[in-house]
Amino acid sequence: MEPMLRIENLCKSFPGVKALDNMSFDLYPGEVHILAGENGAGKSTLSKCILGYVRPDGGHMFLDGKEIAFASPKDSLACGIAAVYQELTMVPWLNAAENIFFNREPVYGKTGIVRTGKMISDARTILSDLGSHDIDVTVPVRKLGIAKQQMVEIARALSMDPRLIIFDEPTSALSEKDTEALFAKIHDLKKKGAGIIYISHRMKEYDRIGDRITVMRDGKYICTGRVSDFSGEELIHHMVGRKTVRIYSRREEKAASRTESDQHRKTEGPAPAEIKEVLKVENLCDKKGRVKNCSLSLRSGEIAGIAGLVGSGRTELARLLFGIDKAGSGKVLLHGEDITGCSPGKLVRKGIGLLPEDRKEQGLALRASLAWNVTSAGLHKAFPGHILDRRTEKKLSEDYMEDLNIAARDTEVRALNMSGGNQQKLVLAKWLLADTDVIIFDEPTRGIDVQAKREIYAHMAQLAASGKAILLISSELSELIGMCDRIYVMREGAISGELSGEELSEEKIGEMMFGVGV
Amino acid sequence: MKRPDTADMKRLARRLPPSVYITIILICFFGLLTDNYFTLDNMGVILRQAAPLLAVSCGQTVVVLTQGTDLSLGSIVSLMSVFWILLLNLGVPLPAAVACCLLLSALCGLINGWVASKLKIPVFITTLGTQNIYKSAALLLCGSMTIYHSHPVFRTVAREGFLHLSWSVWIALAAYSLTVFLMKKSRFGKMVRALGGNEEAIATSGGSVIKSRILVFVYAGLMAGIGGLLVCCRIESGNPNAGNGMEFSAVAAALLGGSSLREGGGDPAGTLFGVLLIQVLKSGLMQVGVSSIYQNAIIGIVVLAAIIFDAIYRRTDSE
């Protein structure tokens, strides 16, 4: 059989980076071809070339045996190529129907006048086909929440009835149920003979839906094969290209260092008296009923986790703790002092930091430089005299670049031009400088590569060891289990349970998240 | 049967921009202070004065929906009034002169759009530049003086009409209806809203950001051109200062009407009420006899208050 898409020796350079270096790739009809690699490996650039977003510098692309050179996404759409982009590409104040059919609205004849009724019913059909009956297609999408927005984005691509579709991290914001619905849809598309390119960092998904997998590294083609022929370690090995790494386990590291210190200095180590309660939350509720009666406590030197499905109120709780949204009732105590209702700015000075879930929108000033971002939360620490000093800023930034292994040309590079992993490390640097006693990590490793993940885990462990209190919010259960001393599980806005020690297992947390077996 | 009716009324009441209520309050206020306020003639005069601003505001609203402000619209108004009279003085037949004017105003918009989108110059700066260029062009064409031409059509458009509304009001209302219809019901309208929100959406669905943006400015230019012709009919002359400050009144009208510079959402239909508010206030202050020294300040305060009120109202509404 002929491949529907064949790519030969594709090259693309951006200032300072070779994003694609002699990349080759092919895709057969009716196949799900997974594209794997670390962030910055060139997966997104490759898909942008296929879509006509980016023009390659060299190489050839063939669709059905005919060479193609798209000038814009308009051309690729005309050839039946669609994509679910990693970044949401919707207009926030248009509703789901308007977004799904944007620029392709059903019109009366050739008038350009939109048939609103038909558009709305068509949108409903597509969304219920994806199992999302509950999405109101007539409210502005910004009111829908990120998971539902993602479903709308997927519906938009599917509504184009594509024969080649690229999914770029489609499930990173989706719940289990939506993910299942998406996978079912992908199976349908396969049966109809569509070709699917699937980009994801979630290795568990590879076996579920993938036929073949191609690994990329530094813009280069590394290998291709059937998904079943690779083990997880092999894939990580190919992606990272260094010796095989295991995803970080803080408990193992701790155990190792404990036995070491036991041998060397038996009586030393932190005295129990030093471990004190730093943060106490009592019956906290928000004003919209998305956080209900949450109580928790956080001690110095520990990492506590918050597990929960998307929409269970995890992020809303973090926003309350950091003073972004105002609490409806309940109390937050920091070192015994009531801090309920303080503004985020005040809370930073008092000692709470938040690495938000969306680093691009909330964590960084993307157009500002790396150095600007580093000092943005800790201005009061870096410049106690209120006057900025470029040299101090540069020095601090360089220190953090080295400590956190941030890859950037210099301290003046714009955050915008950094890869996801480096951006996240930059957010971390910003909070290290602010030096707060409590740090809340909301999905710190979403969409970043294995290597950066491990580095961030190691830094979290180090922070805890130095006496900071850490709250880790995550969708990845293995991450929570690997990192946390205790885990609170949230369900429908309330804390449905707390687990620690030997109780920490995927099954147990899963049961509490879904509310079964209790 | 009655219940859903009241619910519908309530929803409608909530959706109306505050400028509607403020306008009603102002009308009552001025009505109590002056004699002969509530007469059809007086209302007709207010609307007739509002007509050019309504046309310009329609264009400005479209630009505001893309999160920009076109500062050159007032100058286009001046330029058109001068250009039209000039053409008529040269003996060009009236319909041809009108067509030439509309073409020129579209061209002015095209230049704005091309510079802003193709050369990627911020809209504010682009139109600040062209504002001065078009203004100078107007001064140049008339030799810095008001030029006159008498033609019966001016009186017909500005004074005669239908149902106590002059033809100029009907023309402005037609421009307004077209704008509302395009914004709500056409692909062009969706495009405009995307320009204010997420340009990625246009690109990923195969549209052209540059083309859409140029079209927006051409549309705004055309509307300003219509506004210029209406002004010309009213003053029966070509005045290079006729459109001074109109671009700002138009921005205020759009904002008062509920189009928002921050959220790109908002309702183009509200612009009508924004225009009415400004005109009722202007003519009311005049009729009450407030010194012109205070007039601008009072208009500024009311406009600002209405916008603040609207922002608070919107915030509580979204919670």
Based on a Kirkwood Rh over C-alpha pairs, give the Stokes-Einstein translational diffusion coefficient of the range B:29-92 at 20 °C and viscosity 1.002 mPa s in µm²/s.
146 µm²/s
Most mobile of B:Ile85, B:Ile25, B:Ile171 in a GNM of chain B (Cα contacts under 10 Å):
B:Ile25
Between 0 and 90 degrees, rounded to the nearest ten: what's the tilt of helix A:420-434 against the longest Cα principal axis of chain A?
20 degrees
Give me the percent relative contact order of chain A, please, defined on Cα pairs under 8 angstrom at least 6 residues apart.
15 percent
Nearest 100 Å² is fine: how much accessible area is buried between B and A, summed over both sides, with a 1.4 Å probe?
2200 Å²
Using Cα springs under 10 Å in a Gaussian network model of chain B, which residue among B:Asp41, B:Asp267, B:Asp70 shows the largest mean-square fluctuation?
B:Asp41
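Give me the one-decimal Kirkwood hydrodynamic radius in Å for the range A:353-435, with the sum taken over alpha-carbon pairs.
Roughly 12.4 Å, rounded to one decimal.
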Where in the range B:20-105 are there chymotrypsin sites (Phe, Trp or Tyr not before Pro) that are in a DSSP coil and have at most 14 other Cβ atoms within 10 angstrom of their Cβ?
B:Phe38
Can you give the charge dipole size of the range B:40-318 about its Cα centre, rounded to the nearest 20 debye, using +1 on the beta carbon of Lys and Arg and -1 on the beta carbon of Asp and Glu?
380 debye
On the accessible surface of the range B:40-318, probed at 1.4 Å with all protein chains in place, carbon and sulfur together account for a percent value of 69 percent
Checking the a/c ratio against 1.5 first, then a/b against b/c, what shape does the Cα gyration tensor give for the range A:365-518?
prolate
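Divide by every residue of chain A the summed helix terms, -39500 (n - 2.57) for each DSSP H run of at least 4, and state the resulting mean residue ellipticity at 222 nm, rounded to the nearest 500 deg cm²/dmol.
One gets -10000 deg cm²/dmol as the mean residue ellipticity at 222 nm.
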From the phi of every residue in the range B:59-76, what ³J(HN,Hα) in whole Hz does the Karplus formula 6.51 cos²θ - 1.76 cosθ + 1.60 yield, where θ is phi - 60° and glycine or proline is x?
x, 5, 4, 4, 5, 4, 5, 8, 6, x, 9, 9, 7, 8, 4, x, 5, 5
With a cut-off of 8 Å between alpha carbons and a minimum separation of six or more residues, what is the relative contact order of the range A:5-240 in percent?
30 percent
Report, in debye and to the nearest 20, how large the dipole of the protein assembly as shown comes out about its Cα centre when Lys and Arg carry +1 and Asp and Glu carry -1 on their Cβ.
1880 debye
Here the whole-number average of other chain Cβ atoms within 10 Å per Cβ of B:184-193 is 5
Expected sort for A:323-329, A:348-354 on mean C-beta neighbours within 10 Å, highest first, is A:348-354, A:323-329
If you average the C-alpha positions of the range A:164-213 and of the range B:57-99 separately, how far apart do those two centres end up, in angstrom?
54 Å
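Quote the convex hull volume per residue of the protein assembly as shown, based on C-alpha atoms, as a whole number of Å³.
Each residue corresponds to 224 Å³ of Cα convex hull volume.
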Placing +1 on each Lys and Arg Cβ and -1 on each Asp and Glu Cβ in the range B:40-318, then taking the dipole about the Cα centre, the residue among B:Val192, B:Leu65, B:Ala297 whose Cα reaches farthest towards the positive end is B:Val192
Pick out, from A:Leu504, A:Gly341, A:Gly109, the residue whose Cα sits farthest towards the positive end of the charge dipole of chain A, with +1 on the Cβ of Lys and Arg and -1 on the Cβ of Asp and Glu.
A:Gly109
To check my understanding: the extent here is largest minus smallest coordinate of the Cα atoms along each principal axis. What are those three numbers for the range A:5-240, in Å, largest first?
50, 37, 35
Scan around A:Val114 for amide H atoms under 5 Å from its own, H built in the peptide plane at 1.01 Å from N, and keep only partners 5 or more places away or cross-chain.
B:Ser186, B:Arg187
Rounded if a/c is under 1.5, else prolate if a/b beats b/c, else oblate: with a ≥ b ≥ c from the C-alpha gyration tensor eigenvalues square-rooted, which is the range B:40-318?
oblate
Sulfur and carbon atoms: percent of accessible area, chain A [1.4 Å]:
49 percent
Cβ-Cβ FRET estimate between A:Arg299 and A:Asp134, R0 fixed at 30 Å, reported to 0.05:
0.15
Mean Cα-pair separation over length for chain B, i.e. relative contact order, pairs under 8 Å, 6 or more apart, %:
35 percent
Solvent-accessible area per residue for chain A (1.4 angstrom probe, square angstrom):
45 Å²
In terms of the charge dipole of the range B:40-318, which places +1 on Lys and Arg and -1 on Asp and Glu at the beta carbon, the residue among B:Ala137, B:Met246, B:Leu277 farthest towards the positive end is B:Ala137
Using DSSP to call loops (not H, G, I, E or B), can you name the trypsin sites (Lys or Arg not before Pro) in the range A:370-425 whose Cβ has at most 15 other Cβ atoms within 10 angstrom?
A:Arg409
Given a Förster distance of 35 Å, the FRET efficiency implied by the Cβ-Cβ spacing of B:Ser292 and B:Leu16, rounded to the nearest 0.05, works out to 0.65
FRET efficiency for B:His151 and B:Ile312, Cβ-Cβ distance as r, R0 = 41 Å, nearest 0.05?
0.25
The size of the Cβ-based charge dipole (Lys, Arg +1; Asp, Glu -1) of the range A:353-435 about the Cα centre, to the nearest 20 debye, is 200 debye
Residues whose built amide H sits under 5 Å from the amide H of A:Phe322, excluding neighbours closer than 5 in sequence, are none
Amide H of A:Phe441: which non-local residues (sequence gap of 5 or more, or other chain) have their own amide H closer than 5 Å, using H built in the peptide plane?
A:Leu355, A:Leu471, A:Leu472, A:Ile473
Can you work out ³J(HN,Hα) from phi for every residue in the range B:242-257, in order, using Karplus 6.51 cos²θ - 1.76 cosθ + 1.60 and θ = phi - 60°, giving whole Hz and x for Gly and Pro?
4, x, 4, x, 5, 4, 6, 4, 5, 4, 4, 4, 5, 5, 4, x
Please check: in the Gaussian network model of chain B (C-alpha springs, under 10 Å), which one of B:Cys28, B:Cys232, B:Cys108 has the largest mean-square fluctuation.
B:Cys28
Kindly write out, for the range A:465-480 in residue order, the coupling ³J(HN,Hα) from the Karplus curve 6.51 cos²θ - 1.76 cosθ + 1.60 (θ = phi - 60°), rounded to whole Hz, with x marking Gly and Pro.
4, 7, x, 6, 9, 10, 10, 10, 9, 7, 8, 8, 5, 5, 5, 4
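The values are calculated or read from the model by the stated rules, or taken from the named source; none is laboratory data. Just so it is clear, the model here is predicted, and its values are computed rather than measured. Cβ sites come from the backbone with ideal geometry, for glycine too, and all protein chains shown count toward neighbours. In case anyone asks, the SASA skips ligands and DNA or RNA and just uses the protein heavy atoms, side chains included. Shrake-Rupley method; radii C 1.70, N 1.55, O 1.52, S 1.80 Å.
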